[in-house]
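Inspection log for the structure reproduced underneath, given as structure tokens.
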Amino acid sequence: MTNISTPTLDAIDRSSALSFPPGFLWGAATAAYQIEGAAAVDGRTPSIWDTFSHTPGRVVEGHTGDVACDHYHRFREDVRLMADLGLKSYRFSLSWSRIQPGGSGPVNPAGVDFYQRLVDELLAHDIVPWVTLYHWDLPQELEDAGGWPLRDTAERFAEYATVAHAALGDRVRHWTTLNEPWCSAFLGYGSGTHAPGRTEAASAVRAGHHLMLGHGLATQALRAAGGQAEVGVTVNLYPVSPQTSAPADVDAARRIDGLANRFFLDPILRGEYPADLVEDLRPVSDMAHVRDGDLATISTPLDMLGINYYSRHVVAGPDPQAPAQGYWRPPSTWPGSEKVRFVNRGLPVTDMGWEIDGAGLVEILTRVHRDYPELPLYVTENGAAFTDTVVDGRVDDPQRLAYFDEHLRAAHAAISAGVPLQGYFAWSLLDNFEWAWGYTRRFGMIHVDYDSQRRIPKASAEWYAEVIRRNGLPAQ
Ligand code: IFM
């Protein structure tokens with residue numbers, strides 16, 4: 001086992017200037033449905049998020065991604081803004097239904113052409129393109145056929161990976177198969193707060209498995225396609241802390257760590273489901289959908305793991321006097337949900353209500369490196385939603401800037417403790433469509449006026465540009 005120390009909060013240097021290792025990859029991330037717009041343009045067909053957002057009551061204020069940041073038409077301006085920031089890499093996702101309308105069969109040349117032009121523009125500005133194949137926007141036709149709970153969807157995903165590689169593999173080296181499969185499975189099919197909005201616990205478990213199977217098959221397809229593809233997957237992870245050392249609190253933490261983290265980490269990186277999780281899931285699923293050979297496919301070796309980090313879960317056992325709190329709970333029908341309470345600690349929160357906890361990033365990075373050693377790691381998303389105002393053409397966003405500073409100091413502490421962290425992608429480049437929150441939550445380093453589509457780099461963007469320029473953090 002790797003010898004690694006876990007820095008405490010005190011080990012995070014909160015004031016000195018800090019340097020990152022040479023070659024550290026500084027980036028920013030976005031996702032297709034959140035920024036592209038052009039939803040019904042040039043042959044693109046609806047995805048589950050088009051259907052969901054157009055269903056009354058699903059997204060705040062009825063917002064949709066129909067226009068979003070109109071990045072489809074303004075990508076050259078956006079790449080110029082990235083270049084002004086000095087970004088070394090840009091992580092974006094492909095819209096499956098723009099490339100392969102309906103999710104299978106013929107390729108849409110106009111869709112391919114868009115991504116080729118985007119990648120060429122990035123390369124012309126010395127920005128490394130980092131492609132995510134799937135960031136939640138399943139073609140609606142595949143959902144109509146059964147969606148991710150259906151095994152066949154994993155096969156379709158691998159075909160789509162081959163199509164995407166044929167289109168871009170000559171100029172894209174970095175590939176992420178899935179972004180945050182936990183959200184696709186558990187928010188999409190469990191709590192129903194994300195597309196496709198189904199509330200079926202058993203389907204959520206099946207979806208999670210088939211997402212991972214699709215990931216494994218796609219990884220093999222990308223490798224088989226030749227070239228120099230470096231392949232990984234991005235998971236959203238949370239340190240999960242019991243509120244106290246009481247057995248009920250510790251058990252609640254074990255349950256949520258299983259559901260939120262180990263459900264994906266263990267099959268992908270160890271080729272097995274954790275035994276305690278399988279036991280917890282028994283009232284929902286007998287796991288009969290797991291076929292011989294699946295876990296070997298799912299655990300196809302990777303070149304890197306992407307980690308998206310936003311906050312920590314603190315949980316406790318049941319207390320009839322204290323109602324559950326927190327931003328995520330399993331749906332009430334979820335077995336065992338009566339055994340877990342999410343606890344707010346009263347820390348400062350972002351506009352998402354997520355507690356700001358930089359030390360949690362050190363904890364999750366060191367834990368992943370300890371439990372699944374040798375794998376290069378990237379923070380593929382990290383950032384904060386805050387309300388911004390434009391004053392005299394400027395946006396001062398000190399809270400977002402402080403959030404980035406705290407989390408980059410945490411990333412640095414993890415590197416100092418021996419974690420092979422090779423890059424960091426801020427979420428997000430632009431304000432964008434924040435899923436069920438529509439445009440009411442702003443994560444961007446660049447402000448977007450959705451009426452005029454005017455972009456204004458915020459103070460945090462200017463600060464991040466300076467961090468990239470010096471490959472490190474300025475003293476506080
Ligand atoms: O906007 C999302 C992104 O699409 C996935 N990770 C979390 C972000 C903030 O909620």
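The values are calculated or read from the model by the stated rules, or taken from the named source; none is laboratory data. Please read these numbers as outputs of a predicted model, since none were measured by experiment. Here the Cβ positions follow ideal geometry from the backbone for every residue, glycine too, while neighbour counts run over all protein chains shown. Heads up: the accessible areas ignore ligands, DNA and RNA and are worked out on the full protein's heavy atoms, side chains in. Shrake-Rupley method; radii C 1.70, N 1.55, O 1.52, S 1.80 Å.
Kindly list the number of the only condition in (1) surrounded by fewer than 23 Cβ atoms within 10 Å (Cβ to Cβ); (2) away from the ligand (no atom under 16 Å from the Cβ) that fails for residue 411.
(1)
Find all pairs meeting these conditions: Cβ atoms under 6 angstrom apart; at least six residues apart or on different chains; first residue within region 299-322 and farther than 30 Å from residue 221 by Cα and more than 16 Å from the ligand (Cβ to nearest atom); second residue open to solvent by less than 40 Å² (accessible area, probe 1.4 Å) and in a loop (DSSP other than H, G, I, E, B).
From region 299-322, the pairs are 314/343; 315/340; 316/343.
Restricting attention to region 160-190, and to residues there that are without any contact (Cβ under 8 Å) to a residue 60 or more places away in the chain and open to solvent by 40 Å² or more (accessible area, probe 1.4 Å), which single residue is farthest from residue 89 (Cα to Cα)?
So the residue we want is 166.
Which number in (1) within 16 Å of the ligand (Cβ to nearest atom); (2) open to solvent by 40 Å² or more (accessible area, probe 1.4 Å); (3) not hydrophobic (A, V, I, L, M, F, W, C) marks the one condition that residue 383 misses?
It fails just one condition, (2).
Go through region 161-182 and give me each residue that's within 14 Å of the ligand (Cβ to nearest atom) and among the charged types (D, E, K, R).
180 - this is the single residue of region 161-182 that is within 14 Å of the ligand (Cβ to nearest atom) and among the charged types (D, E, K, R).
Just need a number here: residues in region 185-209 that are under 16 Å from residue 268 (Cβ atoms) and over 18 Å from the mean Cα position of the chain (by Cα).
1
Collect the residues in region 133-160 that are hydrophobic (A, V, I, L, M, F, W, C) and under 17 Å from residue 47 (Cα atoms), keeping them in residue-number order.
133, 136, 138, 142, 145, 148, 150, 154, 157 - these are the residues of region 133-160 that are hydrophobic (A, V, I, L, M, F, W, C) and under 17 Å from residue 47 (Cα atoms).
Could we say that residue 375 is open to solvent by 10 Å² or more (accessible area, probe 1.4 Å), more than 15 Å from the ligand (Cβ to nearest atom) and under 28 Å from residue 263 (Cα atoms) here?
For residue 375, the condition - open to solvent by 10 Å² or more (accessible area, probe 1.4 Å), more than 15 Å from the ligand (Cβ to nearest atom) and under 28 Å from residue 263 (Cα atoms) - is met.
Taking into account only those residues within region 117-142 that are assigned to a helix (DSSP H, G or I) and touching a Lys or Arg at 6+ places or on another chain (Cβ under 8 Å), which is surrounded by the most Cβ atoms within 10 Å (Cβ to Cβ)? Break it down into steps so the answer makes sense when it comes.
To start, the set of residues in region 117-142 that are assigned to a helix (DSSP H, G or I) comprises 117-124, 140-142.
The next check asks that each one be touching a Lys or Arg at 6+ places or on another chain (Cβ under 8 Å); those that pass are 119-121, 123, 142.
On the way: 119: 20, 120: 13, 121: 19, 123: 14, 142: 23.
For region 117-142, the residue satisfying everything is 142.
Please state which one of 229, 185, 252, 288 is within 16 Å of the ligand (Cβ to nearest atom) and small (Gly, Ala, Ser).
Among 229, 185, 252, 288, only 185 is within 16 Å of the ligand (Cβ to nearest atom) and small (Gly, Ala, Ser).
Might you let me know whether region 110-131 holds any residue that is modelled with pLDDT of 95 or more and under 23 Å from residue 436 (Cβ atoms)?
Within region 110-131 (the criterion being modelled with pLDDT of 95 or more and under 23 Å from residue 436 (Cβ atoms)), the answer is no, since none of the residues qualifies.
Here are 43, 65: which of them is open to solvent by 10 Å² or more (accessible area, probe 1.4 Å) and of a type in the set (Gly, Ala, Ser)?
43
Here is a check on your reading of the model: is residue 394 closer than 21 Å to residue 77 by Cα, within 16 Å of the ligand (Cβ to nearest atom) and open to solvent by 10 Å² or more (accessible area, probe 1.4 Å)? Spell out how you get there, then give the answer.
Numbers: closer than 21 Å to residue 77 by Cα: yes; within 16 Å of the ligand (Cβ to nearest atom): no; open to solvent by 10 Å² or more (accessible area, probe 1.4 Å): yes.
Judged against the criteria, residue 394 is not a match.
For region 422-467, which residues satisfy the criterion of being within 15 Å of the ligand (Cβ to nearest atom), outside any loop (DSSP other than H, G, I, E, B) and over 22 Å from residue 128 (Cα atoms)?
435, 436, 437, 438, 439, 440, 448
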